[in-house]
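Heads up: the structure comes next, in C-alpha cells.
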Amino acid sequence: MSKLIGIDLGTTNSCAAVMEGGESVIIPNESGGRTTPSVVAFTKNGDRLIGQAAKRQAVVNPDRTISSIKRKMGSDYRVTIDGKAYTPQEISAMILQKLKSDASDYLGEEVTDAVITVPAYFTDAQRQATKDAGTIAGLNVQRIINEPTAAALAYGINKEEPQKIMVYDLGGGTFDVSVLDINSGIIEVLATAGNNRLGGDDFDDALVEYIIDDLKRQYKINARKDISVLSRLKEAAENAKIELSSLTAATINLPFLAQSKDGPINYEITITRAKFEELTSHLVRQTMDPVRQALSDAGLSPASISKVLMVGGSSRIPAVQEAVRNFMGKEPFKGINPDECVAMGASLQGGVLSGQVTGLLLLDVTPLSLGIETVGGVFSKIINRNTTLPVKKSEIYTTATSFQTTVDVKVFQGERQMTRDNRLLGEFHLKGIRRAMRGVPQIEVTFEIDTNGIVHVTAQDLGTGKSQDITITASSNLSQSEIDRAVYEARMYEEQDKKRREEAQSKERRRKEKNQNHDDDFVDGDLH
Ligand code: AMP
C-alpha cells in the first residue's frame, strides 16, 4: 500500500492528513494552507480552478463557481457548465483530486489510498456517492468514517480513563452530534443525530437577509436580483461573522455595491455581536434538538458526559459555545483544532488499517434505521438506528396474496412508520416463489451493512432456495458505467493539468536560463 491519507471532505473546507513517525500531520496545500476551500470554478477561458484560487474569484464569476457541493451529494442534482452536466460526485472528485495531488507533492510519492470522512447523519446514498467521488479521483477509498468519530479518534488516542464524550460538530453546511464511549483504545459510537441542512452557511444567510432588507429600506433596491451583489454580500457576511467570534462589532464596507437612482451605492453597516446573535438565535436553538436526541438515544444525561468536543469552524461562534455550556452544564472542550481534527482522525484510522497504529479499535453505528416496505406502505425495520457496524440481520416475511410468485423488495432508510416518509434506497424483485396460499411462503430478507456503512440486501425464498440480492444503488447514485466514464474524464483532466504544470515548469526553466539568475531556490519552491 502506498501512503494512505486521511481526508476530511468538508462542505466549506477540506483537509488532508498523513501519519508520519507515528503522529498525524496536516498536509499543507500547494500555497501552504492547512485547509483547502471546497470550491471548484470553471473560468471563461476553459481553466478549472480548485480551492483558494476558485474561492478568490467566486465574486466575479459566481455562476461558474461551485461551492457547498457536499450538500448535494447523493441527490440527482447536476451542475451544468458550458453544456456539460456534472454530478456532485464529479465535482467532489475534483476537490479530492486536488488534495491527492497536493499530498503526492508533499510526500514526494504518488498517493493512491485514502480514508474519507462523512457526517454521521449521511444516508447510504450519500456515503456511496462519497466513495464514488474518491474512485473518480483515482483514490482507493479504504474506509468511509463518520466525522465525529474521526474527531474523537484524534482526541481519544492518548486517553486512558474510560469516559463518555459528546462531539458537537457544526461545520459550514452540516451539523452532527455524537455520543461516544472511549475505553482503553476502543471508541464506540453510542448514538448520533444531526441535521445535514444546518451549518455556518445558514448563519451567513441570516446576515445577508438582514442586509438585503436594509438595502431595500435605504436605497429601494432588490439585491436578490443581482447574483454578483449577492455573492459580495455573502462573502462580506461570512467575514463579519468570523470577526464577531472574537470582536463585539464588525463593519461591512462594500464600495460600489450596486447602482441606485441617485448613483453608485457605497454601502457600509456595522453589525454588533448582539444583533448577530438576535438574527441567528433560532439556528443555535435548532442545534439543541439533535443534542437532546443523541443523549436520549444513548440513554445518558448531560451530567454523564465528561467532555463535549467542539468541532467544525462554526463551533467557534460564542453563542453556540454558550448554548452548549448552558445545556450540558460544563465548559465545552476546545483543546483540539476544530478545522483539522477530523482529517487527523481519518489519518489515524488509516494508520490502523495499514498497521502503523495499534491498540485502537473503532466501532461505528448506523445513523438511520433500515428496513423494507410491507403491505399498505408500512415500514418494517430490520436494522435499528445506532446499531454497531458491521452488522448482519435477517427477518422472515411472507406473501400478501395467494399464489403470488413474485415479491417486490423495496429497501428504505429512515425513522418514520410509513415508507413514503422515508427514503427509498433501492428495490428488486424476487421471482419464482412456489405457488401457495398467502402467508405460506417464507422469505428471508437479510440486511448487511459493512464497515463503511454501505448496505447489501438479500432475499431468499426458503421453500425453493431461490435468492436475489442487490448492492443498493439508489436512483440518485451513479451506475458503474457512469463511474467509469467519470474516472476516465477525471484522468484526462489529470493529464491535462499535469501537462499544464509541465508547460509552466518548462516556461519557468526557460526564463531562468535566460536570466541565468540567482533566485533558483525561490522559483523551485514556488513551482512545486
Ligand atoms: P468547516 O466546514 O468545519 O470547515 O466549517 C466552515 C464554517 O465555519 C464556515 O461556515 C465558516 O464561515 C465557519 N467559521 C470558520 N471560522 C469561524 C469563526 N472563527 N467563527 C465563526 N464561524 C467560523
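The values are calculated or read from the model by the stated rules, or taken from the named source; none is laboratory data. Note that the coordinates shown come from a computational prediction; the quantities given were computed from them, not determined experimentally. Note that we place each Cβ from the backbone using ideal geometry, even for glycine, and neighbour counts take in every protein chain shown.
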_Anything in the range 33-57 that is surrounded by fewer than 21 Cβ atoms within 10 Å (Cβ to Cβ) and aliphatic (A, V, I, L, M)? List them, or say none._
ALA53
_Looking at the range 1-26 only, could you name the residues that are assigned to a loop (DSSP other than H, G, I, E, B) and within 16 Å of the ligand (Cβ to nearest atom)?_
LEU9, GLY10, THR11, THR12
*asked:* Taking the conditions exactly as written (touching a residue at least 12 places away in the same chain (Cβ under 8 Å), among the β-branched types (Val, Ile, Thr) and within 15 Å of the ligand (Cβ to nearest atom)), does ILE91 satisfy them or not?
replied: no
_Qualifying positions in the range 88-129 - of a type in the set (Phe, Trp, Tyr) and either more than 26 Å from VAL291 (Cβ to Cβ) or in contact with a Cys (Cβ under 8 Å, 6 or more places away or on another chain) (or both)_ = TYR106
*Kindly indicate whether any position in the range 174-193 is β-branched (Val, Ile, Thr), over 30 Å from SER296 (Cβ atoms) and over 22 Å from the mean Cα position of the chain (by Cα).*
no
*Within the set of pairs 6+ apart or on separate chains, which have a first residue in the range 178-204 that is within 16 Å of the ligand (Cβ to nearest atom), a second that is modelled with pLDDT under 90 and in a helix (DSSP H, G or I), and C-beta atoms under 7 Å apart?*
SER178/PRO148; SER178/THR149
_Can you find, within the range 127-145, the residue that is farthest from ILE27 (Cα to Cα) among those that are among the polar types (S, T, N, Q) and in contact (Cβ under 8 Å) with a residue 60 or more places away in the chain?_
GLN128
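Conditions tested, residue by residue: (1) within 23 Å of LEU198 (Cα to Cα); (2) in a helix (DSSP H, G or I); (3) among the aromatic types (Phe, Trp, Tyr).
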residue: LEU247; (1), (2), (3): no, no, no
residue: LEU257; (1), (2), (3): no, no, no
residue: GLU268; (1), (2), (3): no, no, no
residue: ARG292; (1), (2), (3): yes, yes, no
residue: ALA303; (1), (2), (3): no, yes, no
residue: GLN321; (1), (2), (3): yes, yes, no
residue: PHE327; (1), (2), (3): yes, yes, yes
residue: GLY350; (1), (2), (3): no, yes, no
*Pairs, please: C-beta under 6 Å, at least 6 apart or cross-chain, first residue touching a residue at least 40 places away in the same chain (Cβ under 8 Å) and in the range 308-319, second more than 6 Å from the ligand (Cβ to nearest atom) and part of a loop (DSSP other than H, G, I, E, B)?*
VAL308/PRO332; MET310/PRO332; MET310/LYS334; MET310/PRO338; VAL311/PRO338; GLY312/PRO338; SER315/PRO338
*asked:* Every residue in the range 27-36 that is part of a loop (DSSP other than H, G, I, E, B) and of a type in the set (Val, Ile, Thr), please.
replied: ILE27, THR35
*For the range 451-464, name all the residues that are over 21 Å from PHE412 (Cα atoms) and in contact (Cβ under 8 Å) with a residue 40 or more places away in the chain.*
LEU462
*Considering only residues of the range 82-106 that are within 13 Å of GLU489 (Cβ to Cβ) and not polar (S, T, N, Q), which is surrounded by the most Cβ atoms within 10 Å (Cβ to Cβ)?*
ALA93
*Please specify each residue of the range 224-245 satisfying the condition of being farther than 16 Å from PRO318 by Cα and not in a helix (DSSP H, G or I).*
ASP226
*asked:* For the range 71-107, give me each residue that is among the acidic types (Asp, Glu) and over 18 Å from the mean Cα position of the chain (by Cα).
replied: ASP82, ASP102, ASP105
_Can you tell me how many residues within the range 129-176 are within 16 Å of the ligand (Cβ to nearest atom), at pLDDT below 90 and of a type in the set (S, T, N, Q)?_
3
*Being more than 22 Å from ASN452 (Cα to Cα), within 14 Å of the ligand (Cβ to nearest atom) and surrounded by fewer than 22 Cβ atoms within 10 Å (Cβ to Cβ), is that true of even one residue in the range 285-301?*
no
*Output the residues belonging to the range 385-430 that are assigned to a loop (DSSP other than H, G, I, E, B) and within 29 Å of ASP297 (Cβ to Cβ).*
ARG385, ASN386, THR387, LEU389, PRO390, GLY414, GLU415, ARG416, GLN417, ASN422
*asked:* Can you report the number of residues in the range 228-273 which are surrounded by 12 or more Cβ atoms within 10 Å (Cβ to Cβ) and either within 31 Å of the chain's Cα centre (by Cα) or within 16 Å of the ligand (Cβ to nearest atom) (or both)?
replied: 25
*asked:* Given the criterion touching an Asp or Glu at 6+ places or on another chain (Cβ under 8 Å) and more than 28 Å from LEU207 (Cα to Cα), identify the matching residue among ALA343, ALA319.
replied: ALA343
_I need the helices (runs of 4 or more DSSP H) fully contained in the range 104-223, keeping only those with at least 2 residues that are farther than 26 Å from ILE5 by Cα._
200-219
*asked:* Restricting to the range 318-342, and then to whatever is of a type outside the set (Gly, Ala, Ser) and over 23 Å from SER301 (Cβ atoms), can you tell me which residue is farthest from the ligand (Cβ to nearest atom)?
replied: ILE336
*Is there a residue in the range 439-450 that is touching a residue at least 40 places away in the same chain (Cβ under 8 Å), in contact with a Gly (Cβ under 7 Å, 6 or more places away or on another chain) and not in a strand (DSSP E or B)?*
yes
*asked:* Among the listed residues GLY345, GLY351, identify the single one that is away from the ligand (no atom under 16 Å from the Cβ), more than 30 Å from LEU462 (Cα to Cα), under 22 Å from the mean Cα position of the chain (by Cα) and surrounded by 15 or more Cβ atoms within 10 Å (Cβ to Cβ).
replied: GLY351
*Of the residues that sit in the range 49-70 and are outside any helix (DSSP H, G or I) and within 22 Å of the chain's Cα centre (by Cα), which one is modelled with the lowest pLDDT?*
ALA58
